[in-house]
Each structure stands twice: as structure tokens, then as C-alpha cells.
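Asker: Structure in C-alpha cells, see below.
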Amino acid sequence: MSQASDEELMRQYCGGDRSVMTVLVRRHQRAVFHFAMRHVRSPDVAQDVAQDAFVRVVQSAADFKEQARFLTWLFTIVRNLCLDHARRQVHRRHASLDAGNPAAEGEGPTLGEQTRDAKADVERAASSNELSARIQGAVDLLPSEQREVFLLREIANLPFKEIAEVTGVSENTVKSRMRYALERLQEALLEYEDFARSLK
């Protein structure tokens, strides 16, 4: 069963073999979680998105069309769930991390300073962690369309044609967004190289 393609497993599932869904979940849950995490930026929310995505797969299994690869269909679902979450967040108001403590009437440390992880500050001092943080930060700063294409390519490992299907734009547009994303990331890494040299 583990050697079967995703599409074959979906055929078996639709034919009544419910056990194969476990294989599909184990096979793709990590990539789905990481993709969602880079969008929603919360482990708890990303876990919810991943679970909801596989629930949707189960609920919509009969609608799966084999003209598309399973991964294309799955990441279309995940992407839509992430977009739904982003739309909901727009309507919520959160305290700014730069705002002072309301109880202290503007005095004292800001909310961001209160919640700072001292251990994370220490870890970032290491060069490898600094580079990792720099890359992650650079990806996070990409325009949303470029970041989405980059993540679908690098995390979901989808070909450009399927990314075009997921995002609803042409393949040329997808390739263009990927190229711009890589250029921006390269610039960020060049800045890191200059920073690393200055420490020597």
C-alpha cells in the first residue's frame, strides 16, 4: 500500500477501503503543516488547518477528479483554508506588540518586550541559527504572491504547471513570481554574507 500512488490510494478509498486515508495523511501531513505554518504563523492554527484539510479530503473524496494530481488538489484545499483564516484575522483586533502595558498606563515594557523569548535571543547568536532565521525572515517578507509560489514549489514540491492550477494564474506568471522570489532571497543572503564577514 505504501508504494501505491496518491491517486491509486484515492481510488481505493472511494472504493470503500477507508484504511488508506491513514497512508495519505502520514505521507503528506508534514508538508501540509509546514505550508500552513508559513502562511498562518501559528503552530496551533497550522495544525488546525492541516486537520481541516484532511477532513475536507475525506468529505470531498467523491469529487476528486483524477485529471489533477492528488497533491495539486490537496494544496488547493490547504491554500483556501489559509486564505479563509487570513480573511477572518482582518476582522479581529489584537493588542500591538509595540504598545505599552495598559495597566501601567503606558509605562513599563511593551507587550513585545514582555513576551520576548530570551532563549531564542541566545540561540540566534549562533551563525547557523542566524542564517536560518535570516532565510525564514526573508521568505516571510516576500510579497504574498511570491511567497505562496515559493512555498508550493519548495515545501509541497509541486511543478509550475500544478502551482498555476492551485493559484489560478498562468504558468508563466508562476515562473515569474518564483524568479522574483529567488532574486529577493538572493539579495537577503548577500546582505547576510556581508554581515558574517564583518564579524570575522
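Read the figures in this text as sums done on the coordinates, not as results from a lab. This one's a predicted model, so the numbers in the text were calculated from it and none came from an experiment. No Cβ is skipped: glycine too gets one built from the backbone with ideal geometry, and neighbour counts run over all protein chains shown.
Asker: Using the Karplus curve 6.51 cos²θ - 1.76 cosθ + 1.60 with θ = phi - 60°, what ³J(HN,Hα) values do you get for each residue of segment 173-183, in whole Hz, with x for Gly and Pro?
Answerer: 5, 4, 4, 5, 5, 5, 4, 5, 4, 5, 5
Asker: What residues have an amide H closer than 5 Å to that of residue 156, excluding those fewer than 5 places away on the same chain, when H is modeled at 1.01 Å from N in the peptide plane?
Answerer: The answer is none.
Asker: Which order results if 25, 58 are arranged by neighbouring Cβ count within 10 Å, fewest first?
Answerer: On the way: 25 16, 58 12.
Final ranking by Cβ density, sparse to dense: 58, 25.
Asker: So what J values fall out for segment 35-51 if you push phi through Karplus, 6.51 cos²θ - 1.76 cosθ + 1.60 with θ = phi - 60°, rounded to Hz, Gly and Pro as x?
Answerer: Coupling constants for segment 35-51: 5, 5, 4, 5, 8, 8, 6, 8, x, 5, 5, 4, 5, 5, 4, 4, 5 Hz.
Asker: If you place +1 on the Cβ of every Lys and Arg and -1 on the Cβ of every Asp and Glu, how big does the dipole about the Cα centre of segment 6-90 come out, in debye to the nearest 20?
Answerer: The calculation lands at about 280 debye.
Asker: Then there is this: Between beta-carbons, use under 10 Å as the cut-off and find the net charge around residue 151, counting Lys and Arg +1, Asp and Glu -1. Could the numbers behind the result be given before it?
Answerer: Details: positive: 38, 79, 147, 153; negative: 148, 154.
Once all neighbours under 10 Å are counted, the net charge is +2.
Asker: Pairs of Cα atoms under 8 Å, at least six residues apart: use those to get the relative contact order of segment 6-90, whole percent.
Answerer: Across segment 6-90, relative contact order equals 32 percent.
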